[in-house]
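*Asks:* Before I ask anything, let me first share the structure, which is written out below as structure tokens.
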Amino acid sequence: MAKTKVVPARRIRGEYVPPGDKSISHRLAILGSLAHGVTRIHHYCPGEDFRSTLRCLKTLCVPIRVSRDTVEIYGQGLYTYRDTGDVLDAGNSGTTIRLLAGVMAGQPFTSCLTGDDSLRNRPMRRVIYPLSLMGAQVEARKGNYPPLIIRGGPLRPIRYVLPVASAQVKSAILLAGLFARGVTEVVEPVPSRNHTEHLLQAYGARIDVADGVIRVEGGHPLRAFGDYVVPGDISSAAYFIVAAVLLPDSDLVIRNVNLNETRTGILDVIQRMGGRIEVLERRRVRGEWVGDIRVRHSPLRGTRIGRDMIGRVIDELPLVALLGSQAEGVTVVRNARELRVKETDRIAAIVQNCRALGIAIEEKPDGFIVEGPQRIRGGTVQSFGDHRMVMTFSIAGLLSQEGVEIENSEVVGISYPSFFEDLHRLVEPA
Ligand code: S3P
């Protein structure tokens, strides 16, 4: 088990290119495996989670070729997975198991999906219930946890109002909808990331999105479009963005980052707190906004994150605790109960780690409240097996007086194996 110490920093400067987006990489591989033709995924997400998706697709006998910068998926159509009887192991990846559950619901055979200790304790009823309404038979441990046994088959379309804002649940239903006869409708009360919708469009699916309602018509083949260059992951870039805002005299240019409006909540939060972020250039690539941004140090004031914003900043909320601790006044995050069922209970993990470093923070059932500015003394924190805890508390280390030691830091590889190298390259030590 690795332990990493992050020492105090003076500033962060230069040019930074984030790794490929994880959510988009998963979706390209899965949709590519169902389409006719080759999908070449350039600048794919280097993390373990994406490898888990590829491993599951290989288990289903999808031809896949992986090289250093490109993954090629040779799709042959909606019903070409092979029933090998082998278990589909999603590792740590919630996106892999939930999206694949939607696809396997439509396959004419029985499959078993599982994952690591963390994944086997994450709730699946949220996908089991709508997929059962569509006609799939799904069994789970205690009715809610992996392994999932999915008896797939012909599906019927449903209209489903999402009870929790979740792109994974939305995507599972839309993917199952490809196998249903007729139009499946998903109603989304608050927006969540919409990469599945953009890519379904790019693959020629019959899909329509209007006023928070997504309609997809099943039974039609998907067509591969060849090459796709995955934009940088804003959820990975967020650690560098926050470091640049918080470390005095910082000035960082971030190239080729995904600026999809369902993902840029962290930029809005920082700007609302008074942070200086400029969009230098923006272009649209297959529905996704991609651009370059410049981030400079600026003093911040506290803020309140409203319900409508939560979905757009869900994976960056641990960083908001850190931003709040350095801002003048109170920062409030509520309506974020979902954080309790991520790779770990992120509310408990944030609070425990903040306190271990000398940051006062109040825990709420659905979020946290932090008042700043506070000094960060430093100390030792746990990863809780969660890549986002490793990266968040590395940034705390840069801001600290004595440095921060992170236990089990190797889990950073789930989304971002070269995180520490990139940080080291751009940060000037104090
Ligand atoms: C993701 C959706 C979000 C997010 C996760 C990735 C996706 O989860 O937290 O990291 O790629 O669809 P939920 O759908 O559970 O909110």
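*Asks:* Among the lysines in the chain, how many pairs, 8 or more places apart or on different chains, have alpha carbons under 24 Å apart?
*Replies:* 8
*Asks:* Suppose R0 equals 25 Å. What FRET efficiency, 1/(1 + (r/R0)^6) with r the Cβ-Cβ distance, do R151 and D86 give to the nearest 0.05?
*Replies:* 0.90
*Asks:* Average the reciprocal distances over every distinct pair of alpha-carbons in segment 47-165, invert the result, and give the Kirkwood radius in Å.
*Replies:* Kirkwood hydrodynamic radius for segment 47-165: 14.8 Å.
*Asks:* Taking the Kirkwood radius as the inverse of the mean 1/r across Cα pairs, report the Rg/Rh of segment 306-355.
*Replies:* 0.94
*Asks:* List the GluC sites (Glu not before Pro) within segment 248-317 that fall in a DSSP loop (any state other than H, G, I, E or B) and whose Cβ has at most 15 other Cβ atoms within 10 Å.
*Replies:* Answer in residue order: E261.
*Asks:* Counting only C-alpha contacts under 8 Å and six or more residues apart, can you give the relative contact order of segment 286-393 as a whole percent?
*Replies:* Answer for segment 286-393 is 27 percent.
*Asks:* Normalized C-alpha radius of gyration of segment 245-375, against 2.2 N^0.38 Å?
*Replies:* 1.08
*Asks:* Which loop-located trypsin sites (Lys or Arg not before Pro) does segment 7-95 contain, where loop means any DSSP state but H, G, I, E or B and the Cβ has at most 16 other Cβ atoms within 10 Å?
*Replies:* When the trypsin sites (Lys or Arg not before Pro) of segment 7-95 are filtered for loop state and at most 16 Cβ neighbours within 10 Å, R68, R82 remain.
*Asks:* Take the alpha carbon atoms of segment 17-78, find their radius of gyration, then divide it by 2.2 N^0.38 Å using N residues; give the quotient.
*Replies:* 1.01
*Asks:* Identify, among A210, A167, G226, the residue whose Cα sits farthest towards the positive end of the charge dipole of segment 167-229, taking +1 on the Cβ of Lys and Arg and -1 on the Cβ of Asp and Glu, with the dipole about the Cα centre.
*Replies:* It is G226.
*Asks:* May I ask you to compute the full-extension gain from E15 to D249, defined as 0.36 nm times their residue separation minus their alpha-carbon distance, rounded to one decimal in nm? Intermediate results must be reported in sequence, preceding the final value.
*Replies:* Working: separation 234, 0.36 × 234 = 84.24 nm, distance 1.49 nm.
Full extension of this stretch gives 82.7 nm more.
*Asks:* Count the DSSP beta bridges whose two residues both fall in segment 127-201, then state the antiparallel fraction as a percent rounded to the nearest 5.
*Replies:* Expressed as a percentage, antiparallel bridges in segment 127-201 total about 55.
*Asks:* I'd like to know which of Y239, F393, S52 lies farthest towards the positive end of the charge dipole of the chain, counting +1 on Cβ of Lys and Arg and -1 on Cβ of Asp and Glu.
*Replies:* Value: S52.
*Asks:* Same structure again: Tell me the relative contact order for the chain as a rounded percent, counting alpha carbon contacts under 8 Å between residues six or more apart.
*Replies:* 19 percent
*Asks:* Based on alpha-carbon centroids, what's the gap between segment 372-430 and segment 2-42 in Å, whole number please?
*Replies:* Here the answer is 18 Å between Cα centres.
*Asks:* At 1.4 Å probe radius, can you tell me the per residue accessible area of segment 35-122 in Å²? Write down the numbers at each step before the final one.
*Replies:* Numbers: 3310 Å² over 88 residues.
On a per-residue basis, segment 35-122 sits at 38 Å².
*Asks:* Give me the extension gain from K58 to R294: residue separation times 0.36 nm, minus the current Cα-Cα distance, reported in nm with one decimal.
*Replies:* The K58-R294 span can extend by a further 81.0 nm.
*Asks:* Pick out, from C354, G20, T80, the residue whose Cα sits farthest towards the positive end of the charge dipole of the chain, with +1 on the Cβ of Lys and Arg and -1 on the Cβ of Asp and Glu.
*Replies:* The residue sitting most towards the positive pole is T80.
*Asks:* Turning to a different aspect of this structure: Please report, for the Cα atoms of segment 56-106, the Rg to one decimal and the Dmax as a whole number; what are they, in angstrom?
*Replies:* 11.6, 32
*Asks:* Hey, what angle do you get for helix 387-399 against the long axis of the chain, alpha-carbon based, 0 to 90 degrees rounded to 10?
*Replies:* Tilt relative to the chain: about 20 degrees.
*Asks:* OK, next. If you line up the long axis of helix 94-105 against the longest principal axis of the chain, both from Cα atoms, how many degrees apart are they, to the nearest 10?
*Replies:* Around 10 degrees separate the two axes.
*Asks:* Further, regarding this structure: Can you give me the relative contact order of segment 53-211 as a percent, contacts being Cα pairs under 8 Å and 6 or more apart? Write out the running numbers ahead of the final one.
*Replies:* Details: 282 pairs, mean separation 29.4, N = 159.
Reported as a whole number, the value is 18 percent.
*Asks:* Restricting the calculation to Cα positions, tell me the Rg (one decimal) and the Dmax (whole number) of the chain in Å.
*Replies:* Rg and Dmax of the chain, Cα atoms, are 21.0, 62 Å.
*Asks:* Now for a different question. Nearest 20 debye, what's the magnitude of the dipole of the chain about its Cα centre given +1 on Lys and Arg Cβ and -1 on Asp and Glu Cβ?
*Replies:* Roughly 640 debye, rounded to the nearest 20.
The values are calculated or read from the model by the stated rules, or taken from the named source; none is laboratory data. This structure is a prediction, so every number in the text was calculated from the model and none was measured. Positions of Cβ are backbone-derived with ideal geometry, glycine not excepted, and every protein chain shown enters the neighbour counts. When the accessible area is computed, the model is the full protein with side chains, heavy atoms only, and any ligands, DNA or RNA have been set aside. Shrake-Rupley method; radii C 1.70, N 1.55, O 1.52, S 1.80 Å.
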